[in-house]
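Here is the structure we will look at, set down as structure tokens.
The values are calculated or read from the model by the stated rules, or taken from the named source; none is laboratory data. If you're wondering where the values come from, they're calculated on a predicted model, not measured in any experiment. So basically every Cβ, Gly included, is an ideal-geometry build from the backbone, and we count neighbours across all protein chains shown. Remember, those area values only see protein heavy atoms, side chains included, never the ligands or the DNA or RNA. Shrake-Rupley method; radii C 1.70, N 1.55, O 1.52, S 1.80 Å.
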Amino acid sequence: MSVGADHLIQQSVDLTAFNTLRIRAVARYFVAARSLLELQRARQWARQRQVECVLIGGGSNVVLAGDVAGLVILIMIRGRRWETIDDDRATLVLGAGENWHESVLYAAGSGYRGIENLALIPGSAGAAPVQNIGAYGVELRDTLAYVQAVEWRTGRLITFSGEECRFAYRDSLFKQEPGHYVIVNLALTLSRSRPLSLGYGELAEYFSSADSANTLAPLAVAEGVMAIRRRKLPDPAVLPNVGSFFKNPVVCESDWLSLKARYPGIVAFPVAEGFKLAAGWLIDQCGWKGFRDERVGVHSRQALVLVNHGGGSGRDVLALAQRIRENVAETFGVSLEMEPRVIAPRGADGPDFRSGL
Ligand code: EPU
């Protein structure tokens, strides 16, 4: 049996199928790692040749801004298993390469609550902790027990508790220190009886008061979330996108008050640090909703989602994002931060545009 990785490595691989914006970019080297062992071998291979590595999971939160000169590693480590805690609770351990949405349906279909509000979020399970995915009042951190990741510099397998993951809104240790860790497993603590979270506006409207909150099956909640998402968010398989392109910005109370005085219709939610503004509303007010610039554009039902109508490049998408950011900054004095990770050739347009291992 070969212990090297040469037989796993492919050359000049088109990445169009591996990113949900369907941007064409070519990886000089490419490997699909189906196990921790294959991942370690790929790491060794790259180290021996001093080849830079770029990681891709479901490809649903990346913008490819050019060809990749190094090794693209696609994490395909599968596996789901339960560890029972007691009559009510169990831990679901997921391989990083499992599909997130299928895992949600699997957990909810087994009668376990905790992640049903996160249905239909595209991407892999391993990507979920990176940006602490969230929707309809629930975030991954609410149920996360631990994450196992390879420390890329040393090859060590490290287990991080939820607290050690330093989760924040669309943020984590793994996002703050890009390239340091490669997630291989994550474990979620789910429960048959924890209260459902149905308070978020659209979800509360969807489930009428006749649905007694705590008697709904978690799968019914997941189905409600799917119906709501389908109303506004484009299916990446039909209209390529990466979900929200910007984070909802948080401003301090005095900024919020002056914005509210000038724009009474502004949408915001109080959070610990101040007020979280709906970026979709800000972009919408600037008239971008439904905008199309040949190959790329802004979704017609959710201004926070940029779309690729076909043949758009990463540069096209980033140029549009920049125009939107400038327009929102001029109009409202609010700075928008991009949500997806940008993968660009070394030396391209400064440090924000790099994201390698
Ligand atoms: N709005 C507009 N115009 C728009 C879009 C939104 O006026 O074009 C207004 C809506 O009417 C609503 C408010 O903005 O009053 C918020 O909109 P929405 O409920 O659609 O949620 P969001 O803040 O735009 C966030 C997440 C989504 C998540 C939803 C539901 C972020 C960056 N985005 O969007 O996450 O699904 O809440 O919980 O926090 C993602 O991260 O990729 C994503 C889709």
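If each residue of separation counts as 0.36 nm, what is the full-extension length gain between Asn99 and Tyr263 once their alpha-carbon separation is subtracted?
Working it through step by step, the gained length comes to 54.9 nm.
Size of the dipole of the stretch 80-232 about the Cα centre, Lys and Arg at +1 and Asp and Glu at -1 on the beta carbon, nothing else charged, in debye to 20? Before the final figure, lay out each step's value.
Details: 16 positive and 18 negative charges, 74 e Å.
Computed charge dipole of the stretch 80-232: roughly 360 debye.
Calculate how many DSSP beta bridges within the stretch 4-89 are antiparallel, expressed in % of all such bridges and rounded to the nearest 5.
In the stretch 4-89, DSSP labels about 30 percent of beta bridges as antiparallel.
Which peptide among 159-168, 121-130 comes first, and what is the full order, when sorted by highest mean count of other Cβ atoms within 10 Å?
Packing order, densest peptide first, comes out as 121-130, 159-168.
Starting from the Kirkwood radius over alpha-carbon pairs of the stretch 10-75, derive D by Stokes-Einstein at 25 °C in a medium of 0.890 mPa s and give it in µm² s⁻¹.
This corresponds to a translational diffusion coefficient of 207 µm²/s.
Roll a 1.4 angstrom probe over the protein heavy atoms and tell me the percent of accessible area of the chain that is carbon or sulfur.
49 percent
Please report, ordered by residue number, every helix of the chain (full DSSP H runs) that is 15 Å or longer along its axis going by C-alpha atoms and whose mean Kyte-Doolittle hydropathy reaches 1.6. If you can, show how the numbers build up before the last one.
Working: long enough: 36-49 (20 Å, -1.28); 218-232 (22 Å, 0.07); 314-332 (27 Å, -0.18).
Result, helices passing both filters: zero.
Find how much the distance from Val238 to Arg166 grows on full extension, using 0.36 nm per residue of separation minus their present alpha carbon separation; answer in nm with one decimal.
This chain segment gains 22.5 nm when fully extended.
Which value in deg cm²/dmol, rounded to the nearest 500, describes the helix-derived mean residue ellipticity at 222 nm for the chain, given -39,500 (n - 2.57) per DSSP H run of n ≥ 4 and division by the residue count?
About -7000 deg cm²/dmol.
In units of 2.2 N^0.38 Å, what is the alpha-carbon radius of gyration of the chain? Numbers along the way, then the final one.
On the way: Rg = 20.7 Å, N = 357, 2.2 N^0.38 = 20.5 Å.
That ratio works out to 1.01.
Quick check for you: with a 1.4 Å probe and neighbouring chains kept, what is the accessible area per residue of the stretch 155-202, in Å²?
On a per-residue basis, 47 Å².
Please report, in debye to the nearest 20, how large the charge dipole of the stretch 241-327 is about its Cα centre when each Lys and Arg carries +1 at its beta carbon and each Asp and Glu carries -1 there.
In total the dipole reaches around 160 debye.
Treating cross-link reach as a plain straight distance, find the aspartates and glutamates whose alpha-carbon is under 12 Å from the alpha-carbon of Lys247, omitting any fewer than eight places away in the same chain.
Those aspartates and glutamates meeting the cut-off are Asp171, Glu337, Glu339.
For the stretch 246-338, what's the radius of gyration and Dmax over Cα atoms, in angstrom?
For the stretch 246-338, the Cα-based Rg and Dmax read 13.8, 44 Å.
Of the listed peptides 272-280, 249-257, what is their order by residue-averaged count of other C-beta atoms within 10 Å, with the highest listed first?
Ranked from most to least packed, the peptides come out as 272-280, 249-257.
Points 7 angstrom from Cα along the Cβ direction at Glu83 and Ser208: gap in nanometres?
4.4 nm
Given Cβ point charges of +1 (Lys, Arg) and -1 (Asp, Glu) and nothing else, what value in debye, to the nearest 20, does the dipole of the chain about its Cα centre take?
Details: 39 positive and 37 negative charges, 150 e Å.
My answer is approximately 720 debye.
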